[in-house]
Structures are given as structure tokens and as C-alpha cells.
1. Could you list all residues from region 40-52 that are under 13 Å from E104 (Cβ atoms) and buried (at least 21 other Cβ atoms within 10 Å of the Cβ)?
2. Could you name every one of the strands (runs of 3 or more DSSP E) located completely within region 50-164 that has at least 3 residues being over 28 Å from R221 (Cβ atoms) and touching a strand residue (DSSP E or B) at 6+ places or on another chain (Cβ under 9 Å)?
3. Scan region 212-228 and report the pairs whose first residue is within 12 Å of T249 (Cα to Cα) and acidic (D, E) and whose second residue is modelled with pLDDT of 95 or more and not in a loop (DSSP other than H, G, I, E, B), with Cβ atoms within less than 6 Å and a gap of 6+ or a chain change.
4. If I ask for residues that are of a type in the set (A, V, I, L, M, F, W, C) and part of a loop (DSSP other than H, G, I, E, B), which ones from region 251-281 would you list?
5. Does P205 satisfy the condition of being within 25 Å of D147 (Cβ to Cβ) and either assigned to a loop (DSSP other than H, G, I, E, B) or modelled with pLDDT of 90 or more (or both)?
6. When you scan region 227-237, do you find a residue that is out of contact with any strand residue (DSSP E or B) (no Cβ under 7 Å at 6 or more places or on another chain) and basic (K, R), even just one?
7. Tell me whether region 172-194 contains one or more residues that are within 24 Å of I148 (Cα to Cα), surrounded by fewer than 18 Cβ atoms within 10 Å (Cβ to Cβ) and modelled with pLDDT of 95 or more.
8. Answer yes or no as to whether W280 is over 25 Å from the mean Cα position of the chain (by Cα), at pLDDT below 95 and either crowded, with 16+ Cβ neighbours inside 10 Å or within 23 Å of I140 (Cα to Cα) (or both).
Amino acid sequence: METEYVVIPPGVISSLSSLEMYSNLEYFSPSKIDMKLIIEELECLEKITNVGLTLFSSVSHVLKFMSSSPKLQSCITRLLIQNCKELCSLDISCSTMRRMEHLEELYISFCPNLREVKICFENGERMQRSESNCFRNLQILNIYECDILENLTWLIYTPRLRFLYVMECESLEEIIAWDFAGSSEIEEAAEIFSNLEKVFFRSLPKLKSICRRAMPFPSLRDITVHRCGSLRKLPFNAQSAKSTLKAVTGGSREWWDKLEWEDEATKLAFSSKWQQGGVWG
């Protein structure tokens with residue numbers, strides 16, 4: 001049975017003065033929806049507090065939301081950016097990131113020319129990670145078919161991320177492309193992915209590194225890796241995910257057997273965690 005879409009006439013949403021929640025979060029939104037108009041009308045609603053948005057096809061919709069929709073940014077809980085073929089860089093200012101404090105779920109899919117997601121810092125300086133300078137409530141990130149995306153280093157600003165899904169990104173080489181050189185950065189590194197529970201990687205043929213150093217992963221329960229033949233080392237030491245990890249699931253025992261380990265103690269600690277599974281773990 002085909003889904004029938006109802007197109008809301010212009011002016012209707014802005015007339016709903018008591019509207020508190022709005023969502024059009026779904027895949028393959030029909031082209032008849034005028035997202036520019038919807039964004040403008042939602043921005044006018046004083047009582048709106050919970051918004052789920054699909055920004056579909058048009059780069060201008062993405063740019064409008066990111067640059068000139070402060071009310072919606074403060075209300076957004078779920079955001080899907082999909083099929084934006086002309087989107088080359090998703091630039092997020094520090095002020096926008098702070099306003100999006102209620103964002104819990106972010107989905108980016110079918111953006112074949114997206115090379116980077118970039119946090120833009122004021123005054124040309126690197127912003128210090130803190131409770132206020134981050135996506136403080138982002139819990140779910142799903143990246144799918146972004147063919148030239150190179151890394152996801154901006155995830156250092158997602159301290160409460162719980163579920164990470166990255167699939168079909170053929171140019172992705174690193175997740176966190178950061179060396180953690182100084183002592184303060186090493187301390188910060190211990191907090192990255194501190195709430196991460198599940199990792200799912202599929203069809204990332206160039207992925208070589210998740211992190212450039214071993215991480216604690218105190219909440220990690222499951223990591224699934226399929227068709228990531230260039231990934232030769234997991235960011236673990238013998239203490240990583242020590243009391244939480246249930247399984248490392250993969251499609252190839254050969255991949256597991258060729259993994260490099262921090263040391264023999266790490267290899268021994270994780271030797272019992274391997275399990276072979278289907279593409280969805």
C-alpha cells in the first residue's frame with residue numbers, strides 16, 4: 001500500500017498558535033513539501049518546544065536552518081539531512097551547536113559530495129570542549145552513503161553519544177582524526193565516547209582508524225564491523241570496556257585474526273569477545 005501524503009497549505013502551521021510538537025522526520029520526503037516555508041512558519045510559533053525535521057534535497061534549506069533559525073535550533077530533537085547532492089561541507093557555528101542543546105538524534109544520508117562536518121570556531125581559535133560547548137544531548141548518530149566523507153572528528157563534541165552507525169561511506173578513513181598530543185588533550189580524550197554503548201560499521205573499505213590511541217569506552221556493550229577490510233586495529237587496551245563489552249561482531253573471522261593489538265594482555269582480554277554474525281550483527 002502506497003503512503004498518501006497530505007500537503008499542508010501555506011499559513012496553516014503558523015496559525016496553530018498552541019502547537020508544541022512538529023515532526024516530518026521520514027525518508028524520501030515528497031518534493032511537494034516546501035521546507036523553506038515550513039521552517040519560516042515554525043520559527044514564528046512561540047509555544048513550539050519539540051521539532052523533528054527532514055531537510056531534503058535542497059542545500060538552501062540546510063543553510064537556512066543552520067544560519068538563521070535560532071528558535072528551531074533550540075527546539076530540534078531529531079534532524080535528518082537527506083539527499084542533498086550539492087552539500088559539500090556542513091558548517092556548524094559554535095553558537096548554533098550550543099543552541100541545538102536538545103538534539104538527540106541526527107541522521108545524514110545520501111549526501112554524495114559531503115566531504116566534512118565542521119565546527120566553526122569564533123576568532124579562529126579552537127573551542128575548548130566543555131559542558132556548554134558541545135552537542136550536549138546527542139545520543140544517536142547515523143551516517144549512510146556519504147561517499148567522500150573523510151572523517152568524523154567533530155564527534156569529540158558529542159559527550160553523550162550512545163549509538164553510532166556509519167555505513168556505505170567509501171572514502172571514510174578515520175573516525176576521530178586527532179592526535180591528542182598534549183596532556184590536557186589526553187585528559188579530554190578519556191571523556192570522548194564515555195557514554196557510547198553500540199558501534200555499527202558496515203562497508204567502509206578505507207577505514208583505517210577509529211581513534212589514534214586506546215580509549216576507555218566505559219559504557220561500550222557491542223561493536224559490529226562488516227566489510228571494513230582496512231581496519232587493522234581497534235582502539236582498545238586491556239582496560240577498555242573491561243566490565244561492559246559483550247561482543248565484537250564481524251562477518252569475517254579472517255579479519256579478526258589479522259587484527260593488531262596494543263599488547264598481548266589486550267589480545268587476551270578481547271579474545272573471548274569475538275562472534276561471527278550477519279550483516280546486522
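The values are calculated or read from the model by the stated rules, or taken from the named source; none is laboratory data. All values reported here derive from a predicted model rather than from experimental measurement. Here Cβ is always computed from backbone atoms with ideal geometry, including for glycine, and neighbour counts include all displayed protein chains.
1. As a first pass, look at region 40-52 and keep what is under 13 Å from E104 (Cβ atoms): 50-52.
Across region 40-52, the qualifying residue is only V51.
2. 50-56, 89-93, 116-120
3. Pairs that qualify, where the first residue is within 12 Å of T249 (Cα to Cα) and acidic (D, E) and the partner is modelled with pLDDT of 95 or more and not in a loop (DSSP other than H, G, I, E, B), are D222/K198; D222/A247.
4. Matches in region 251-281: L259, W261, V279, W280.
5. Yes: the conditions hold for P205.
6. No, that holds for no residue.
7. Scanning region 172-194 turns up at least one residue that is within 24 Å of I148 (Cα to Cα), surrounded by fewer than 18 Cβ atoms within 10 Å (Cβ to Cβ) and modelled with pLDDT of 95 or more.
8. no
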